[in-house]
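Read the structure below first, then the notes.
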Amino acid sequence: MKLAGMASNRGRNLLHIADRAPGGAEFSVIVTNDADAPVLAAAAERDIPTEVVERDADELREAHEERVLDALEGYDFDLVTLDGYMRVLTGTFRDATPTTLNVHPSLLPSFPGADAHEQVLDADVSVTGATVHVVTEAVDEGPVVTQEPVAVYEDDDVASLKERVLHDAEFKAYPRAVKWFAEGEAELVGDEVAVTADAAAELPLRRIEGADRTADLRYGENPHQDAAVYGDASCEEPSVVAAEQLNEGAKALSYNNYNDADGALSLIKEFERPAAAAIKHTNPAGCATADTLAEAYADALATDPMSAFGGIVSLNRTCDEETAELIVDSFKEVVVAPGYTDDALDVLTAQENLRVLDVGGDELGPDVVSETYTDQSLVGGRLVQERDTWAPEPDDLEVVTEAEPTEAQIETMCFSWRVLKHVMSNGIVLAKDTETVGVGMGQVSRVDAVRLAAMKAEEHAEDKGPEGSVMASDAFFPFPDAVEEAAKAGVDAIVQPGGSNNDEAVIETANEHGIAMAFTGNRTFRHS
């Protein structure tokens with residue numbers, strides 16, 4: 001679908017729609033009635049054509065609209081979208097154009113007009129929101145397409161409420177409405193809007209949080225479970241939900257693919273250097289950073305190539321041909337990256353069952369993380385928590401043993417902790433330099449996690465081993481037995497949170513074996 005946008009100022013809703021392209025909709029042109037409107041420069045950055053048609057002081061509204069129509073004449077568009085276009089459109093314009101939509105910053109019919117936020121605050125209501133409606137001759141009274149609620153807080157002022165309504169309501173509702181029109185699931189029928197997409201279902205299209213169903217899945221974790229994917233149109237962080245699947249005709253992602261790919265993507269966002277990871281059942285089978293992406297992938301895969309078979313590969317740089325050739329050397333389910341060279345795509349898309357996901361951008365790292373909270377469904381409610389974005393820097397580490405870790409070991413401690421954050425608890429990571437050599441995950445006993453990581457490094461890793469490695473533990477050691485097992489495996493240094501009643505005995509055991517140990521002061525449990 002082709003769009004014509006009209007704005008008088010910044011046009012942030014139009015730009016958000018342009019960046020998200022809901023339902024594949026694209027702007028053919030953006031028109032403004034102010035030659036100084038900031039939307040002009042922003043549209044130019046996105047290669048969107050623009051037109052300026054200012055209204056003369058004594059010019060009739062209809063005459064001005066005729067000139068706007070003249071400016072639009074050379075552009076192909078199926079829908080007109082307004083965003084802060086501070087002019088009432090008469091029948092002269094509306095009769096000559098397709099359906100015109102506008103977004104209003106309240107839940108119409110409540111609080112119409114230009115001062116909606118002031119009205120909301122004066123009325124002392126607890127909920128406001130945004131309404132996308134069809135433009136008619138009556139201001140803010142056209143047929144409603146969709147709405148999105150937003151809470152009003154006691155300490156809100158106009159500025160804070162305006163920003164929240166924009167980001168949490170308008171940025172969700174407007175792309176949703178455009179998507180419905182683009183996909184033929186909404187249309188203007190007479191004086192009403194018919195929305196077939198919004199019908200009730202066991203897996204509803206919309207939830208009260210504002211998430212929208214983006215895909216139906218064949219089933220959930222198991223074939224007897226129904227499932228769907230819900231997306232947040234306001235999310236700016238690169239995500240699997242919003243990723244483009246580049247190999248047309250390949251089978252769609254499954255519930256488990258989404259879950260694993262999300263975990264894989266979250267892991268490689270931890271690193272500023274080129275990074276690669278192989279994920280199986282949401283746990284890292286291996287992870288590494290290196291000077292090149294291909295080296296990082298080779299090091300990650302070598303940690304546990306047997307477990308990586310049939311898994312998910314994630315990369316934080318544009319995938320090149322060399323890396324692609326390494327990936328297809330063994331069976332993988334999904335590759336996730338912020339882009340692919342043409343040669344890499346040729347290699348990857350030649351694999352019939354490999355799904356290739358592009359999350360956009362050129363590089364992924366800690367700076368792209370924008371979602372600050374995570375939630376998990378429970379029967380009867382949800383768990384919500386702040387996202388675990390913390391990882392130690394060298395100055396955060398407290399050395400507690402007689403042996404001092406080397407600079408290289410400190411670097412490995414910091415690397416391994418970032419990997420450990422994405423390992424199911426109880427979790428242990430063995431690493432050398434900036435690559436994993438063994439991962440022990442999801443054990444009910446911490447000492448068993450140590451044994452598993454050492455076994456993986458000894459038996460499954462290629463040209464690696466536990467000797468001389470750094471061990472990271474996601475929580476403190478309740479007893480010295482885990483340190484004893486680490487010493488048997490040849491571990492030279494340990495990083496752990498500290499804080500156990502038995503810290504003194506654990507440190508003494510490390511000293512007996514000449515192992516350097518540092519405390520982080522924070523744990524990093526991952527239970528889901």
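Each residue in region 440-495 was checked for being open to solvent by 30 Å² or more (accessible area, probe 1.4 Å), in contact (Cβ under 8 Å) with a residue 60 or more places away in the chain and more than 34 Å from the chain's Cα centre (by Cα), and 2 of them qualify. Does any residue of region 375-394 turn out to be open to solvent by less than 50 Å² (accessible area, probe 1.4 Å) and assigned to a helix (DSSP H, G or I)? No, because not a single residue in region 375-394 is open to solvent by less than 50 Å² (accessible area, probe 1.4 Å) and assigned to a helix (DSSP H, G or I). Give the residue that is modelled with the lowest pLDDT, with candidates limited to residues of region 383-402 that are farther than 13 Å from Asn522 by Cβ and of a type in the set (S, T, N, Q). Checked region 383-402; the qualifying residue modelled with the lowest pLDDT is Gln385. Taking Gly514 as the residue in question, decide whether it is at positive phi and either within 38 Å of the chain's Cα centre (by Cα) or not in a loop (DSSP other than H, G, I, E, B) (or both). So Gly514 does not fit the description; no. Checked against the criterion of being more than 30 Å from Asp433 (Cα to Cα), modelled with pLDDT under 90 and surrounded by 15 or more Cβ atoms within 10 Å (Cβ to Cβ), the candidates Arg213, Arg207 yield just one match: Arg213. Residue check: is Glu462 in contact with a Pro (Cβ under 8 Å, 6 or more places away or on another chain), among the acidic types (Asp, Glu) and either at pLDDT 95 or above or part of a loop (DSSP other than H, G, I, E, B) (or both)? When the stated conditions are applied, Glu462 passes them. Counting only strands (runs of 3 or more DSSP E) that sit completely within region 66-164, zero hold 3 or more residues that are on the phi > 0 side of the Ramachandran plot, out of contact with any Phe, Trp or Tyr (no Cβ under 8 Å at 6 or more places or on another chain) and of a type in the set (Phe, Trp, Tyr). Of the residues Thr100, Thr81, Thr90, the single one that is under 15 Å from Ala138 (Cβ atoms) and under 37 Å from the mean Cα position of the chain (by Cα) is Thr100.
Condition check: surrounded by 18 or more Cβ atoms within 10 Å (Cβ to Cβ), within 24 Å of the chain's Cα centre (by Cα) and either at pLDDT 95 or above or assigned to a loop (DSSP other than H, G, I, E, B) (or both). Does Gly220 satisfy that? It is false that Gly220 is surrounded by 18 or more Cβ atoms within 10 Å (Cβ to Cβ), within 24 Å of the chain's Cα centre (by Cα) and either at pLDDT 95 or above or assigned to a loop (DSSP other than H, G, I, E, B) (or both).
Before we move on, is Val52 surrounded by 13 or more Cβ atoms within 10 Å (Cβ to Cβ) and farther than 19 Å from Val178 by Cβ? So Val52 passes the test.
Conditions (1) modelled with pLDDT of 95 or more; (2) out of contact with any Pro (no Cβ under 8 Å at 6 or more places or on another chain); (3) surrounded by fewer than 19 Cβ atoms within 10 Å (Cβ to Cβ), marked per residue:
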position: Asp58; (1), (2), (3): no, yes, yes
position: Arg61; (1), (2), (3): no, yes, yes
position: Arg67; (1), (2), (3): yes, yes, yes
position: Gly84; (1), (2), (3): no, yes, no
position: Thr92; (1), (2), (3): yes, yes, yes
position: Ala116; (1), (2), (3): yes, no, no
position: Asp122; (1), (2), (3): yes, yes, yes
position: Val135; (1), (2), (3): yes, yes, no
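Checked against the criterion of being over 25 Å from Arg87 (Cα atoms), aromatic (Phe, Trp, Tyr) and over 26 Å from the mean Cα position of the chain (by Cα), region 150-162 contains one or more residues that satisfy it.
One residue stands out in region 137-149 among those that are in contact (Cβ under 8 Å) with a residue 40 or more places away in the chain and open to solvent by less than 40 Å² (accessible area, probe 1.4 Å): the one that is nearest to the chain's Cα centre (by Cα), namely Glu148. Of all residues in region 106-130, those satisfying the criterion of being in contact (Cβ under 8 Å) with a residue 24 or more places away in the chain and closer than 19 Å to Asp155 by Cβ are His117, Glu118, Val120, Leu121, Val125, Ser126, Val127, Thr128, Gly129. Against the list (1) in a loop (DSSP other than H, G, I, E, B); (2) surrounded by 24 or more Cβ atoms within 10 Å (Cβ to Cβ), the condition Gly360 fails is (2).
Restricting attention to region 1-31, the residues being without any contact (Cβ under 8 Å) to a residue 40 or more places away in the chain and open to solvent by less than 10 Å² (accessible area, probe 1.4 Å) number 1.
The values are calculated or read from the model by the stated rules, or taken from the named source; none is laboratory data. Everything numeric in this text was worked out from a predicted model, so none of it was measured. For neighbour counting, all protein chains shown are included, and Cβ atoms are generated from backbone atoms with ideal geometry for every residue, glycine included. Quick note on the areas: whole protein, heavy atoms, side chains included, nothing else; ligands and nucleic acids left out. Shrake-Rupley method; radii C 1.70, N 1.55, O 1.52, S 1.80 Å.
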